[in-house]
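The values are calculated or read from the model by the stated rules, or taken from the named source; none is laboratory data. In this text the structure is predicted, and so the values were computed from the model without any measurement. Every residue, glycine as well, gets a Cβ built from its backbone with ideal geometry; the counts of neighbours run over all protein chains shown. Just the protein is used for accessible areas: all its heavy atoms, side chains included, with ligands, DNA and RNA removed. Shrake-Rupley method; radii C 1.70, N 1.55, O 1.52, S 1.80 Å.
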Amino acid sequence: MIIYHNPSHRLHCPVHEFFRGERVPCFEKPNRVDYVEARLREQGYELKTPDANSKSALEGVHATRYLEFLQGAWKEWLALDPLNADVQPFPSVWPIRTLRDDQEPANFVARLGLYSMDNGTPLAHGSWTAAKAGADAAASAAAAVAGGAQAAFCCTRPPGHHAGPDFMGGYCLLNNAAVAAQQLLDSGMARRVAILDVDYHHGNGTQSIFYERSDVMFISIHGDPRTEYPFYLGYADETGKGEGVGFNLNIPLAAGTVFKDWLAALELACSRIADCGAQAIVVSLGLDTFEGDPISRFKLASEDFSVVGERLGRLGLPAVFVLEGGYAAAELGINAVNVLDGFERTSASGKAPERKA
């Protein structure tokens with residue numbers, strides 16, 4: 001298992017967010033990755049810095065104007081008032097139904113709303129640098145797999161799977177899993193890639209990016225959006241559009257789901273991956289399915305994550321794992337390494353990839 005991390009992730013360190021109308025400390029903190037890196041090192045893994053530039057892959061999955069906005073957002077915020085250096089910008093208006101989103105307003109806060117799906121994704125002075133370095137780590141992991149490695153793990157933050165073609169949300173600025181998939185496709189090692197999102201929250205951004213494409217099979221196992229964020233996407237009847245029909249599978253589960261039932265959903269996901277003809281898999285490795293997570297409501301124990309890794313290893317596909325959510329920070333490293341170790345144990349057996357009979 002090749003590990004890429006992002007030493008620049010600490011540059012994205014906003015102080016607060018809004019939760020249910022209240023200003024609260026950010027749940028998505030730098031120490032999330034610190035715990036994972038510490039556990040990786042304890043287990044003897046070497047952590048590599050990014051050695052690939054994600055620019056081309058980013059342009060394949062995100063709109064140009066969105067990337068340009070993110071890159072210059074903090075500089076523009078300071079240009080409005082130097083005192084903004086100590087103020088986090090938040091949107092206050094959004095282009096909801098009947099309002100236009102094709103025109104980019106001159107007003108900074110209006111543009112922030114144009115490119116945001118919520119007001120819980122704060123920016124800080126180093127957000128672009130950290131997010132771009134994270135995308136570089138994802139591209140590096142994918143390049144390693146395209147070059148012949150069986151698996152690689154991108155250990156970075158901020159997470160990415162809620163970031164869509166032209167919007168941020170859910171703590172996510174750039175979609176690292178989408179970058180990894182695009183990198184695998186662009187390398188020529190895969191004609192089709194499967195993305196499996198196992199985060200508690202539906203990967204709405206990833207779905208939106210690939211919803212009309214047949215070269216990526218997107219599958220998400222997540223909390224029922226009738227009660228869980230992101231609420232407005234992730235339903236079972238969303239199966240793709242145009243060329244993408246049949247290449248999107250959502251498996252929403254009720255809050256409180258125990259591992260036995262969650263594992264049945266994983267079996268369904270693995271069956272669809274085996275059937276779709278993918279030559280590689282990207283795993284959006286959200287670990288907020290853990291029973292101790294403070295903002296999620298599934299019941300997976302730490303030892304269950306080893307079983308998850310073992311099951312994914314039996315697919316026999318080259319894999320890129322990308323860290324997503326998980327907010328029980330002290331256990332995050334244990335749970336992440338359990339998945340990786342489980343995958344390595346079974347993938348090392350040399351089994352042929354699963355295929356439809």
Computed over the chain, protein heavy atoms only, probe 1.4 angstrom, the accessible area per residue in square angstrom equals 40
From DSSP H assignment alone, runs of 4+ in the chain each adding -39500 (n - 2.57), the sum over residues rounded to the nearest 500 puts [θ] at 222 nm at -11500 deg cm²/dmol
Order Tyr232, Tyr66, Tyr171, most accessible first, counting only protein heavy atoms with a 1.4 angstrom probe.
Tyr232, Tyr171, Tyr66
Using alpha carbons only, how many degrees (0 to 90, rounded to 10) separate the axis of helix 127-146 from the longest principal axis of the chain?
20
Note the angle between two axes, namely the Cα long axis of helix 176-187 and the longest principal axis of the Cα atoms of the chain, as a number of degrees from 0 to 90, rounded to the nearest 10.
60
Only bridges with both residues in the chain count here: give the DSSP antiparallel percent, nearest 5.
15
For labels at Asn107 and Glu212 in the simple 7 Å Cα→Cβ model, what's the distance in nm?
3.0
Taking Cα pairs closer than 8 Å and at least 6 residues apart, the relative contact order of the chain in percent is 18
Projected area averaged over orientations for the chain, convex hull of C-alpha atoms, nm²
16.8
Filtered GluC sites (Glu not before Pro), region 43-141: DSSP coil and at most 16 other beta carbons within 10 Å
Glu46
Using the Cα centre of region 31-87 as the reference point, and only Cβ charges (+1 on K/R, -1 on D/E), how large is the resulting charge dipole? Debye, rounded to the nearest 20.
160
Residue-count net charge about Tyr115 - beta-carbon cut-off 15 Å; Lys, Arg +1, Asp, Glu -1
-4
A 1.4 Å probe over the protein heavy atoms gives region 243-329 a carbon and sulfur accessible-area percentage of 55
Excluding exposed DSSP-loop trypsin sites (Lys or Arg not before Pro) (at most 13 other C-beta within 10 Å), longest clean stretch of the chain:
242-350
Cα-based Lys proximity count in the chain, under 25 Å, for pairs eight or more positions apart or on separate chains
12
Between 0 and 90°, nearest 10: helix 304-313 axis offset from the chain longest Cα axis
70
